[in-house]
Structures are given as structure tokens and as C-alpha cells.
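Have a look at the structure below, then the notes.
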Amino acid sequence: MLETKFLDFTYENPLMNASGVHCMTVEELDDLSASKAGVFITKSATLQERAGNPEPRYADVPLGSINSMGLPNHGVDYYLDYALSYQKNHTAPLFFSVAGTSVEENITLLEKVQASEFKGITELNLSCPNVPGKPQVAYDFPLTEQILKRVFGFFTKPLGVKLPPYFDMAHFDQMAAILNQFPLTYVNSINSIGNGLYIDPTRDQVVIRPKEGFGGIGGEYVKPTALANVRAFATRLNPEIKIIGTGGILTGQDAYEHLLCGATMLQVGTQLQKEGPAVFDRILKELSTIMEQKGYERIEDFRGKLKTI
Ligand code: RRO
């Protein structure tokens, strides 16, 4: 009942990890492969391996998480090797995330993917909030347009973009108008809400070391913002551009709400970090129960059908 068509492939269900969570090493990626998730995505890769920011750089907090990982990863070749060997034994197209820390690095990363045998779907992360001195690209609208123009000058494989949250109707309109110019496979909304601050009340202290405690917020805190972004883009983008809904998915009800807003695939970040890969099985069971109670047989019966007053 949860089968989800995305591009030309039908996944068993719409659930995935959010890039960054449980996908840094081959071992973690294999865990996701063995889990009930319909498919999974690799950690955002840079050209060279990166150590990332000093620890502690991630904290579970009562209603979610705060992180300033700083793009630690094993480098694009590590993840490409994994993806190429994965696709030898699996038919489901894998998702592959790249996040350069400059325009030129993004272009080089995508040139590498383009030149490779990779047959899956590439996600260009334009929204990392945690590299000191590097603003989130997709808050700069002319730069985003410029990058996508260059990318689509040579990149012919399926491509999506990971966006930061937007908070203003004018920004939804402006970003959608930019994205609609390009043959994107999808947009993924949202990345963590950048540069929040969590204070440990017993110590009067921040909970992560980098950037004096500022970091990206995920989990329950972000669901209303995530739903707004999914809905805003679902109602503004060309129907060929699918939406991946990410942000605040802890339960089957959260997954259901993202689908109701128009998401096709769903990514779980903070709750995967807290609960481990068993989270997928639980959320899928909860989602199926909700659908049975409402008399829906397929996700298509309610996807995007949010009612307004
Ligand atoms: O590695 C990170 O600090 C990170 C990335 Br690339 C991202 O896209 N989102 C996030 O919350 N952390």
C-alpha cells in the first residue's frame, strides 16, 4: 500500500534517511540498505575527505537536535565507489549527495558524477548551515540561479536540490520561479533550520562546541516550517518537479502530513539519529494504520490533498 513511484522506479515505500544521518561510512550505509527504508542517501560529499568541526558538534535536545558537524565526510570517491558497487546488486536507484564549499567545487563534483557510471539520483546540497564563513547558498537567489544554469549546461542525470527553509511568502515565490526554469527531478525541503542556539539549563552553557554553540535545528521544532516549505513548493513548482519532505518526521502522523502537503519521498533525520534504523519500520506501520483508518489504499489517494478553510 506504500509503493512510491519516483522517476521511473517504484520504491517499496517513501521513507529514506536525511543526508548526514547514519550515512557517513560503508557500515552505516549497509545498515540503511538492510533497513525497511524504501531507499537511502549518502552523506554530502566534498572533493576531499573532511574532518569537519570540533566535537561535541551534535546534541540531542528535548524537542529535536542541534548540529554543527561542518560537513565531515570521506570524500566523493569513497561514496561513488560505494554507489557503483551498490548498483551492481540492486535495482533501486540510490540517492547521492554532494555539497561543495564553493561554486567551483560543486561544478567539479557534479562533473565527476556525470562522468561516472552512477545511475542513481544526485542531490546538490545548497543549504549546509555549518561551514564557518560559507553562507547557505540557497539564501542567495541570484547565486542559486547562476549555479543551476551552469549545472544544467552539462549535467544530464537526474538531479535534485536540498533547500534551506524559507520563512516568507515572497521568498517561496521567488525561489519557485528560479527552480521552475530548470529540469530538476526534485526539491528537498527542508535542511535543518540554520543557526539556532540551545542552552543547557543546568550549566548556563551551549551544548555544541563550534560557532559558540550555534547550529542547525532539527526534529519536532521544525515540523511546521518543513510542512510550510513542502506545501509552498508543491503548489508553486511545475508538477514534473517532485518534492522530498524532510523535517520533523517522528511518527506515521508526521509522515502522513508531509504526504498531504504534496511530498513524494520522505526523509528522517533527527529521529533516525535518536532511534536508529528501526525507526523506519515503526513509522511505516504507523502510517499504514492511519491510511487503513481513513480508508486509503494507496498514497496517491491523499497525496497533496490538504484541505484549506
Ligand atoms: O555537515 C553538516 O554540518 C550539515 C550539513 Br552538510 C547539512 O546540510 N545540514 C546540517 O544540518 N548539517
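Annotations
- The heavy atoms of R298 present about 120 square angstrom of accessible area, all protein chains included, probe 1.4 Å.
- For the stretch 7-78: rounded, prolate or oblate by the Cα gyration tensor [a/c cutoff 1.5]: oblate
- Using a cut-off of 22 Å between Cα atoms, the listed pairs K36/K305; K242/K274; K43/K119 include K36/K305; K242/K274 as exceeding that distance.
- Computed on the stretch 241-309, the Cα convex hull volume stands at 93 Å³ per residue.
- For the stretch 104-212: rounded, prolate or oblate by the Cα gyration tensor [a/c cutoff 1.5]: prolate
- Virtual spin-label span in nm between T308 and Q293, 7 Å along Cα→Cβ: 2.7 nm
- Solvent-accessible area of K285 with every protein chain in place, 1.4 Å probe, in Å² to the nearest 10: 120 Å²
- The relative contact order of the stretch 131-267 comes to 22 percent, based on Cα pairs under 8 Å that sit 6 or more residues apart.
- Spacing of the modelled spin labels on L197 and E240, each 7 Å from Cα toward Cβ, amounts to 4.6 nm.
- Probe 1.4 Å, accessible area per residue of the chain, Å²: 43 Å²
- Sulfur and carbon atoms: percent of accessible area, the stretch 70-162 [1.4 Å]: 55 percent
- By definition, a body whose alpha carbon gyration tensor gives a ≥ b ≥ c is rounded when a/c is under 1.5, and the chain falls into this rounded group.
- Using R0 = 25 Å, the C-beta based FRET efficiency linking A51 and D204 works out to 0.30.
- Average Cα contact separation per residue, the stretch 102-176, under 8 Å, 6 or more apart, as relative contact order %: 40 percent
- Based on C-alpha pairs under 8 angstrom that are at least 6 apart in sequence, the stretch 1-87 has a relative contact order of 23 percent.
- Extension gain, K274 to E300: 0.36 nm times the residue separation minus the Cα-Cα distance gives 6.4 nm.
The values are calculated or read from the model by the stated rules, or taken from the named source; none is laboratory data. These numbers come from a predicted model, not from an experiment. Glycine also receives a Cβ, built like all others from the backbone with ideal geometry; neighbour counts cover every protein chain displayed. The area values use the complete protein model at the heavy-atom level, side chains included, leaving out ligands, DNA and RNA. Shrake-Rupley method; radii C 1.70, N 1.55, O 1.52, S 1.80 Å.
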